[in-house]
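Colleague: First, the structure itself, so that you have it in front of you.
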Amino acid sequence: MDATPTGFLRLALRSDELVLCFDYTDQHGKTTQRVAQPITTLDNDNFRAFCLLRGDNRQFKLSQCSNVKLGIASDYMTPMDTPTEAQPEIPF
């Protein structure tokens, strides 16, 4: 296993069961802890991922990520609740 941020990113991209956990320093120097489900790489340094902190797809620079670790997705995300029966429409 390649225990580098790039290696962890590759592993997480290949598995729906893994997420990346990391400290991210933005362009203004502010650091936040992130948990993200990678979607795709854009080039050697940039990747797109679903960020659990922001609840949205985001673009990250791997060079701005520190303390990168792999996490188990189910430890951070819960499955979507699906209704067992369709609810009837209420006429207006």
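The values are calculated or read from the model by the stated rules, or taken from the named source; none is laboratory data. Only a predicted model underlies this, so the values are computations on that prediction, with no experimental measurement involved. Cβ atoms come from the backbone with ideal geometry, glycine included; neighbour counts cover every protein chain shown.
Quick grid of which residues meet (1) of a type in the set (A, V, I, L, M); (2) surrounded by 14 or more Cβ atoms within 10 Å (Cβ to Cβ); (3) at pLDDT below 95; (4) not in a loop (DSSP other than H, G, I, E, B):
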| residue | (1), (2), (3), (4) |
| --- | --- |
| Phe22 | no, yes, no, yes |
| Gln27 | no, no, yes, no |
| Val35 | yes, yes, no, yes |
| Asp43 | no, no, yes, no |
| Asn57 | no, no, no, yes |
| Ser66 | no, no, no, yes |
| Met80 | yes, no, yes, no |
| Glu85 | no, no, yes, no |
| Glu89 | no, no, yes, no |
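Colleague: Would you check if Arg48 is surrounded by 11 or more Cβ atoms within 10 Å (Cβ to Cβ) and either of a type in the set (A, V, I, L, M) or assigned to a helix (DSSP H, G or I) (or both)?
Modeller: Considered against the rule, which asks whether it is surrounded by 11 or more Cβ atoms within 10 Å (Cβ to Cβ) and either of a type in the set (A, V, I, L, M) or assigned to a helix (DSSP H, G or I) (or both), Arg48 comes out as no.
Colleague: For Thr31, indicate whether it is without any contact (Cβ under 8 Å) to a residue 40 or more places away in the chain and in contact with an Asp or Glu (Cβ under 7 Å, 6 or more places away or on another chain).
Modeller: Yes.
Colleague: Every residue in the stretch 2-14 that is surrounded by 12 or more Cβ atoms within 10 Å (Cβ to Cβ) and of a type in the set (Gly, Ala, Ser), please.
Modeller: Result: Gly7, Ala12.
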